[in-house]
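Some notes on the structure that comes next.
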Amino acid sequence: MLSAFQRALAARTIPLVFALAFPCLAVPAAAEEIHVKIDNFVFVPDTVTIKPGDTVTWENVDDIPHSLVSKTPGAFRSHPLDTNDTFSFVFATAGAFDYFCGLHPHMQGKVIVAP
Ligand SMILES: [Cu+2]
């Protein structure tokens, strides 16, 4: 029979030992930032697969403005980005998010958020 002190000690020690023994399992993956370039009327890459909590940052390296409009209502919509402007969005929930350029709707891209 464990005393209350022993139980408390075990409750504090076991997670610590586990974290030291299996750091890759015990420590959640840090959120990442994924970069998408807008170049010559194309999103590069046009599809990215990320994890919930990750950020996608688009950078317009074209010499004319582009914007980002999610087909998912309310997800994200940027103002027009001039050359070298960036726009970032944190994808908190899983799902597939198609988007297009609000100025050139034939420009299409997709963000897949998968746990
Ligand atoms: Cu555009």
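Values quoted throughout were computed directly from the atomic coordinates according to the rules given, and no laboratory measurement underlies them. For clarity, every value in this text was computed on a predicted model and none was experimentally measured.
Need the list of aspartates and glutamates near Lys110 for cross-linking: C-alpha distance under 15 angstrom, and skip anything on the same chain fewer than eight residues off.
Asp46, Asp54, Asp98
From the C-alpha gyration tensor of the stretch 64-115, pull out the three semi-axes of the equivalent ellipsoid (sqrt of 5λ each), sorted largest to smallest, in whole Å.
On the way: eigenvalues 82, 29, 16 Å².
Equivalent ellipsoid semi-axes, largest first: 20, 12, 9 Å.
Largest first, please: the extent of the C-alpha atoms of the stretch 22-115 along each principal axis, to the nearest Å.
Largest to smallest, the principal-axis extents are 49, 26, 18 Å.
Residues with amide H under 5 Å of Ile112's amide H, sequence separation 5 or more or different chain, H placed in the peptide plane at 1.01 Å from N; which?
Val48, Thr49, Ile50, Phe97
Expressed in nm to one decimal, what extension gain is obtained for the pair Thr55 and Asp82 from 0.36 nm per residue of sequence separation less their Cα-Cα distance?
On the way: separation 27, 0.36 × 27 = 9.72 nm, distance 2.04 nm.
In short, 7.7 nm is gained.
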